[in-house]
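Notes to accompany the following structure.
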Amino acid sequence: MDWGTDLWDQNDVIDKHTQSGLDLVERYIKFVKERTEIEQSYAKQLRSLSKKYAKRGSKEEQDCRFSNHASFQDILNELNDYAGQRELIAENMMTGICVELTKFLQDFKQERKTHLADAKKAQQNLESNFKHLESTKKRFAKEWAEAEKATQQAEKTENDLNATKLDVEKAKQHAHARTHTAEECRNDYAALLQKYNKEQNFFYYTEIPQIFNKLQDMDERRIRRLAGGYSQFSDIEKNVLPIISKCLEGISAAGGKINEKQDSLLLIEQHKSGFERPGDVEFEDYTQGIKAATSESSLNPPKVRAKLWPFSKKHKIAHVEKQPTTHVEKRVPPAAEDFSHLPPEQRKKRLQAKIDDITKELQKAQDQSEALEKMKGVYEQNPQMGDPSSLEPQITETTQNIGRLRGELTKYETWLSEAVGGEESANAINNNTQHGVGAVERSHIYTDFDDEFDDIENPIGQCTALYTFEGNSEGTISITEGEQLSVMEEDKGDGWMRVLKSNGEEGYIPSSYVKQAS
């Protein structure tokens, strides 16, 4: 069964049906375009969302060392990749469906137009032949009527007794001519009728069926192509589903990678100072101090800036300035190159990080130096490739850079060795520092960080402790009655002097609590 056989007389139906099919293709193309716009908008919003919550800046990058922060960044990255797949879906739908179907639609419109034009032309040709046939038929009918009339007139004239022989002869000739003309019209009509019937048979049994069958084939191809477009709508998304699944799996994996214990340990490693916890605060017996004191200043230990760890070798300490005691002024020391302004643990980490950075930079400079030396050797062997002397400034600069980096590396390694070796004593001193925070805050003495204990500083005298003194404030040390001490700094008029104990502890004590050896 086909259109040409069963729908030979349904030209208008076929016209409307094929037009409806092409309209459906246009509707589907428009539908897919709107779908791509939705996908593009969705992808754009997803990218904006992931960018909005992405970490930026050094502080936030440092936070990403924690697994829960890093996992959230992984989720944002996976979401950004997911957005890329949505964009790919939109792109493939536009190129694979919309563009291809639009081109296909234009071709089909032209093909349909051609087939319908052929059918219309055949119909017009058949109608024209039929009109010619009708005209020939009418002429034959007219001529035959005229011939019969002439024949009847000739018979009447022949039977008329008053008619002459000439009149009779003329009537017979006229009737014969009319009959001959009628016979010619009859033959023309018969021939044209035969021709028309043949053309009509060809039109209804061959020409129109062929055209309608071509339209049927075109419409079936349209349906098959549209069906492919329907499948593409799904297949395009299916093709990226494995990647989308990986993105979703990555998001799930990001949650699984979180390790709360590791994050807690990381926080400890980043911020632990390495100091020991402060011990019990001891009772301060002011009555003993009043009886033994020879000056008011002996009750007021020097106020120093509260620090996270006590002074030690190579660390700046406070000394007492001769200032009025009406107010307290504090000055923040600048960050030291050796990171001595940091707690022990943090200082070691910063020093080690600096060493690692210098080591990498040094290795890079050494590689560059080797490359320049090789290039120089090549130029010396092949002068046409370049002038060896042109590399001398770069080689000199690289050599100087290597020397500078080695010097810095040695310097920071020395500081790291000191930090590792001095940590234990720093912890012990810090214990006393924490004890004296309250006393420091009660003090009204101006302090500044402008003195430094030197490794090779020599004592300037000896003294003996007359009384026991509990050094609970920062910068002070405890002494016991009868203890022998080395004087490192004389009393400058403020009632305090700096001494060194036999165990290596160094700090301030009231001048009135000791007797200096003569």
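If you go through segment 393-410 and keep only what is open to solvent by less than 70 Å² (accessible area, probe 1.4 Å), free of Cβ contacts under 8 Å to residues at least 40 places away in the same chain and not polar (S, T, N, Q), you end up with Ile395, Gly403, Gly407.
Among the aromatic types (Phe, Trp, Tyr), surrounded by 18 or more Cβ atoms within 10 Å (Cβ to Cβ) and at pLDDT below 85 - does that describe any residue in segment 505-515? No: segment 505-515 contains no residue that is among the aromatic types (Phe, Trp, Tyr), surrounded by 18 or more Cβ atoms within 10 Å (Cβ to Cβ) and at pLDDT below 85. Sort through Gln73, Gln85 and tell me the only one that's within 17 Å of the chain's Cα centre (by Cα) and under 12 Å from Ile236 (Cβ atoms). The unique qualifying residue is Gln85. Of all residues in segment 142-161, those that are open to solvent by 90 Å² or more (accessible area, probe 1.4 Å), out of contact with any Ser or Thr (no Cβ under 9 Å at 6 or more places or on another chain) and in a helix (DSSP H, G or I) total 8.
Here is a yes/no grid of residues against (1) open to solvent by less than 70 Å² (accessible area, probe 1.4 Å); (2) more than 39 Å from the chain's Cα centre (by Cα); (3) of a type outside the set (Gly, Ala, Ser):
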site	(1), (2), (3)
Leu7	yes, yes, yes
Asn11	yes, yes, yes
His17	no, yes, yes
Asp23	yes, yes, yes
Tyr28	yes, no, yes
Glu34	no, no, yes
Ala43	yes, no, no
Asp63	yes, no, yes
His69	yes, no, yes
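Taken over segment 232-277, residues that are open to solvent by 80 Å² or more (accessible area, probe 1.4 Å) and of a type outside the set (S, T, N, Q) amount to 14. The set of residues in segment 464-504 being open to solvent by 50 Å² or more (accessible area, probe 1.4 Å), among the acidic types (Asp, Glu) and more than 25 Å from Pro278 (Cα to Cα) consists of Glu490, Asp491. Taking the stated definitions as given, is Lys55 more than 30 Å from Glu207 (Cα to Cα), open to solvent by 50 Å² or more (accessible area, probe 1.4 Å) and at pLDDT 90 or above? Here the answer is no, as Lys55 does not meet what is asked.
Residues that are surrounded by 14 or more Cβ atoms within 10 Å (Cβ to Cβ) and farther than 26 Å from Thr414 by Cβ within segment 358-379 comprise Gln368, Leu372, Met375, Lys376, Tyr379, listed in sequence order. Yes or no: Leu241 aliphatic (A, V, I, L, M) and either on the phi > 0 side of the Ramachandran plot or modelled with pLDDT of 90 or more (or both)? Answer is yes for this residue. The single residue among Thr164, Thr95 that is within 28 Å of Ser20 (Cα to Cα), among the hydroxyl-bearing types (Ser, Thr, Tyr) and surrounded by fewer than 14 Cβ atoms within 10 Å (Cβ to Cβ) turns out to be Thr95. Mind checking whether some residue in segment 185-194 is under 30 Å from His115 (Cβ atoms), at pLDDT 90 or above and open to solvent by 70 Å² or more (accessible area, probe 1.4 Å)? Yes, some residue in segment 185-194 is under 30 Å from His115 (Cβ atoms), at pLDDT 90 or above and open to solvent by 70 Å² or more (accessible area, probe 1.4 Å).
The values are calculated or read from the model by the stated rules, or taken from the named source; none is laboratory data. Keep in mind that what you see is a predicted model, and the values were worked out from it rather than measured. Counting neighbours? That spans all protein chains shown, and the Cβs are built from the backbone with ideal geometry, glycine included. Side chains included, ligands, DNA and RNA excluded: accessible areas come from the protein's heavy atoms. Shrake-Rupley method; radii C 1.70, N 1.55, O 1.52, S 1.80 Å.
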